[in-house]
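Accompanying notes for the structure given below.
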Amino acid sequence: MRRKAHVMGSILFGLVGFILVESITRSQLPYSGWGLASLTVNSYISLMFMFIFSPLGGILPDILDPPFTAKHRRFAHSKILFAVLFLFLLISLRSVVNIGPIVIMMIYYFQIGYISHLSMDSLTPSGLW
């Protein structure tokens, strides 16, 4: 797939992730309705991070394994690499005592973009491997 398709797909995946987080957050609060006027400052920050970090995660595998080369879809397109990165991030987050929600949002949306890239590439005729 082309870079534009991965960027748009990662934004779509990111919006779904944003809606899921907002739904969970709003289920713990009194009903405030949906709409832009009901979003909090944290919601706007989360939405901003979604538009930045989801596309970054969505294009990173093609930056590390450039398309149209013999090494495309090797290392960065590996499910094993994703698992190792995810576990590394979780372990490092646990070791840092005072981690803020901003860093967690960055990692969350980056991982969503990365997952979108792998899932979109798996739908192509050549698949991931």
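A short reminder: the numbers here are calculations on the coordinates, not readings from a lab. If you're wondering where the values come from, they're calculated on a predicted model, not measured in any experiment. Glycine also receives a Cβ, built like all others from the backbone with ideal geometry; neighbour counts cover every protein chain displayed.
On the beta carbon distance between Ser92 and Arg3, with R0 = 30 Å, the FRET formula returns roughly 0.55.
Thr40 to Leu64: extension gain in nm, 0.36 nm per residue of separation minus the Cα-Cα distance?
5.0 nm
Note on Ile104/Arg74: beta-carbon distance plugged into 1/(1 + (r/R0)^6) with R0 of 25 Å gives a FRET efficiency of 0.25. At full extension, Ser126 and Val16 could sit 36.9 nm farther apart than now, given 0.36 nm per residue minus the alpha carbon distance. When peptides 104-111, 13-20 are ranked by their average number of other Cβ atoms within 10 Å per residue, the highest-first order is 104-111, 13-20.
Projecting label points 7 angstrom from Cα along Cα→Cβ for Leu56 and Leu85 puts them 1.2 nm apart.
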